[in-house]
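Working notes, structure below.
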Amino acid sequence: MNRDLDRFRRLCGQYRWLAVFMVASVGLLLVAANLIAPIVLWARVPTLVSGRAVAASLIWIAPALCYLFGVWSIGGGMGQLARGRLIQPTLAATLRRVGLALGFGGVISVFVVTNLLRLIGSTQGGYLHFDVAGMTLGMIGGALFLLGRVVDQAGAVQAELDEMI
């Protein structure tokens with residue numbers, strides 16, 4: 001039993017570092033490709049890249065930043081489990097944070113990105129982007145948030161039952 005728990009905590013710690021690596025590497029690539037490169041190009045040849053293109057790049061990466069926060073939140077939860085924190089409260093908090101991150105990322109992907117791009121004049125088109133992945137992640141995020149609340153309520157009921165006994 002103790003051996004399994006040690007192995008579980010070790011795996012959680014390893015997963016936490018994998019999440020940190022992913023967020024750092026992908027975040028760095030997003031920033032380099034969508035922010036630094038257009039600004040450097042714009043500084044060298046101002047007529048080649050407009051400020052609108054830089055703004056459009058920032059708008060396009062907004063959902064990805066939400067998704068990366070979700071991965072960071074999972075890594076944080078795994079790190080807490082690796083340090084021996086109780087599973088129930090850690091799971092509830094992590095589910096809620098990841099759910100919000102995925103939900104906001106999906107909503108931003110489907111509704112906000114296209115409308116902001118239309119607003120700055122970077123693109124033309126409809127009022128919503130039919131992004132199946134964004135819609136799916138938004139729905140999964142909502143479900144995870146609700147599951148986090150269920151886990152919280154189950155913990156409260158369990159604590160109440162424990163007091164009765």
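The values are calculated or read from the model by the stated rules, or taken from the named source; none is laboratory data. Computed from a predicted model, the values in this text were never measured in an experiment. Reconstructed Cβ throughout: ideal geometry from the backbone, glycine too, with neighbour counts over all protein chains shown. Note: accessible area is taken over every heavy atom of the protein model, side chains too, but ligands, DNA and RNA are not part of it. Shrake-Rupley method; radii C 1.70, N 1.55, O 1.52, S 1.80 Å.
The table below lists the values:
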{"quantity": "So Phe8, is it over 30 Å from Arg118 (Cα atoms), in contact with a helix residue (DSSP H, G or I) (Cβ under 8 Å, 6 or more places away or on another chain) and open to solvent by 60 Å² or more (accessible area, probe 1.4 Å)", "calculated": "yes"}
{"quantity": "Pick from segment 11-56, criterion open to solvent by 70 Å² or more (accessible area, probe 1.4 Å) and part of a loop (DSSP other than H, G, I, E, B), ranking: modelled with the lowest pLDDT", "calculated": "Leu48"}
{"quantity": "Subset tally (residues that are polar (S, T, N, Q) and under 8 Å from the mean Cα position of the chain (by Cα)) for segment 53-79", "calculated": "1"}
{"quantity": "In segment 97-109, the residues that are surrounded by fewer than 22 Cβ atoms within 10 Å (Cβ to Cβ) and touching a Ser or Thr at 6+ places or on another chain (Cβ under 9 Å)", "calculated": "Arg97, Leu100"}
{"quantity": "Yes/no for Gly134 being closer than 30 Å to Trp60 by Cβ, touching a residue at least 24 places away in the same chain (Cβ under 8 Å), surrounded by 16 or more Cβ atoms within 10 Å (Cβ to Cβ) and small (Gly, Ala, Ser)", "calculated": "yes"}
{"quantity": "Which listed residue, of Ile87, Ile74, is at pLDDT below 95 and on the phi < 0 side of the Ramachandran plot", "calculated": "Ile87"}
{"quantity": "Given (1) open to solvent by less than 70 Å² (accessible area, probe 1.4 Å); (2) within 24 Å of the chain's Cα centre (by Cα); (3) modelled with pLDDT under 85, index of the condition Ser122 fails", "calculated": "(2)"}
{"quantity": "Some residue of segment 143-163 being open to solvent by less than 70 Å² (accessible area, probe 1.4 Å) and in contact with a Phe, Trp or Tyr (Cβ under 9 Å, 6 or more places away or on another chain)", "calculated": "no"}
{"quantity": "Segment 74-92: number of residues that are open to solvent by 20 Å² or more (accessible area, probe 1.4 Å), closer than 19 Å to Ala154 by Cβ and touching a helix residue (DSSP H, G or I) at 6+ places or on another chain (Cβ under 8 Å)", "calculated": "6"}
{"quantity": "Val112 vs. criteria closer than 20 Å to Phe145 by Cβ and surrounded by fewer than 19 Cβ atoms within 10 Å (Cβ to Cβ)", "calculated": "yes"}
